[in-house]
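Below: the structure, in structure tokens.
The values are calculated or read from the model by the stated rules, or taken from the named source; none is laboratory data. Everything quoted here is computed from the prediction, not taken from an experiment. Don't worry about glycine lacking a Cβ; one is built from the backbone with ideal geometry, like all the others, and counts go over all protein chains shown.
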Amino acid sequence: MKKLGVLVFMLLLTVLHVQAQDEENEPVKKGFQHANLFLGGNFGLSFGTYTFVNISPQLGYHFNRYLAAGIGINGQYLSYRDWDYNSNPYREKQTILGLNVFGRVYPIRNFMLQAQPEVNYRFGKLIYNGPPKLVFRSDAVIVPSLLAGGGLVLPSGRGEMLITLFYDVLQNKNSPYGKRPIFNFGYNVGL
């Protein structure tokens, strides 16, 4: 973990050095620029035996061509239906609500690296419908996560399409992301 931190720090210093050289010839715009705001995030729907609803918007700001940062909220609902070994139906329901901040580095055009610390509140229940009907509530827990990764940034109209791969490096046992990579498609719209 320490080596990863040193590597990210060195990469950030390199990008800032390149940025300083690149921007020497550009006119400097001081202060807040409304045109640098963008709206994006993750949105997803799936219905059936496995129902998943994800509404996780983010608001960000491009400080320059190389750096962006922002904030977001997480809202996810999962419902899964199945049968136990006695052919009794059961349903698992889980809700995740949280907050995140993110920082992005664009070392080259059309590619970005991102770190996204999160804190999520996770709760749910398991319902057995077989005789007798039983309901088990899972403990509500606050779960920290740190998503790290990157991907392609493809300009499109007033925004950009993102194709990214992330991994939760904290690996908390209650993490909503599990021990697997997270593959996302997204779109950022300039405001």
Open item on the list: Give me the residue from the range 142-172 that is loosely packed, with under 13 Cβ neighbours inside 10 Å and farther than 18 Å from Gly41 by Cβ and, out of that set, farthest from the chain's Cα centre (by Cα).
Closed with: Pro155
Task: Near pairs, Cβ below 9 angstrom, 6+ apart or cross-chain, from the range 120-142 (over 28 Å from Asp168 (Cα atoms)) to any residue that is loosely packed, with under 15 Cβ neighbours inside 10 Å and among the basic types (Lys, Arg) - done: Ile127/Lys133; Val135/Lys125
Task: Residue in the range 56-68 that is within 18 Å of Gly151 (Cβ to Cβ), part of a strand (DSSP E or B), in contact with a His (Cβ under 6 Å, 6 or more places away or on another chain) and not basic (Lys, Arg) present - done: yes
Task: Pairs with Cβ under 8 Å, 6+ apart, first in the range 95-119 and in contact (Cβ under 8 Å) with a residue 60 or more places away in the chain, second polar (S, T, N, Q) - done: Ile96/Asn74; Ile96/Gln76; Ile96/Asn120; Val105/Gln114; Pro107/Thr14
Open item on the list: Tell me yes or no: at least one residue of the range 88-101 is in contact with a strand residue (DSSP E or B) (Cβ under 9 Å, 6 or more places away or on another chain) and in a loop (DSSP other than H, G, I, E, B).
Closed with: yes
Task: Number of the condition not met by Ile71 [criteria: (1) modelled with pLDDT of 60 or more; (2) among the β-branched types (Val, Ile, Thr); (3) surrounded by 15 or more Cβ atoms within 10 Å (Cβ to Cβ)] - done: (3)
Open item on the list: With modelled with pLDDT of 90 or more, surrounded by 15 or more Cβ atoms within 10 Å (Cβ to Cβ) and closer than 20 Å to Tyr61 by Cα as the only criterion, which of Arg104, Arg122 stands out?
Closed with: Arg104
Task: Hey, Ser138 surrounded by fewer than 16 Cβ atoms within 10 Å (Cβ to Cβ), assigned to a strand (DSSP E or B), at pLDDT below 85 and not β-branched (Val, Ile, Thr) or not - done: yes
Open item on the list: Considering only the range 179-189, I want to know if a residue exists there that is assigned to a loop (DSSP other than H, G, I, E, B), touching a strand residue (DSSP E or B) at 6+ places or on another chain (Cβ under 7 Å), exposed (fewer than 15 other Cβ atoms within 10 Å of the Cβ) and modelled with pLDDT under 95.
Closed with: yes
Task: Every residue from the range 134-159 that is over 17 Å from Phe123 (Cα atoms) and among the polar types (S, T, N, Q) - done: Ser156
Task: For Arg104: the one exception among (1) out of contact with any Gly (no Cβ under 8 Å at 6 or more places or on another chain); (2) part of a strand (DSSP E or B); (3) over 17 Å from Val119 (Cβ atoms) - done: (1)
- [ ] Taking Phe136 as meeting all but one of (1) more than 15 Å from the chain's Cα centre (by Cα); (2) hydrophobic (A, V, I, L, M, F, W, C); (3) closer than 27 Å to Ala35 by Cβ, write down the number of the exception.
- [x] (3)
Task: Residue pairs meeting the criteria (Cβ under 7 Å; at least 6 apart or on separate chains; first under 17 Å from Ile55 (Cβ atoms), in the range 173-191; second not in a strand (DSSP E or B) and not β-branched (Val, Ile, Thr)) - done: Val189/Arg158
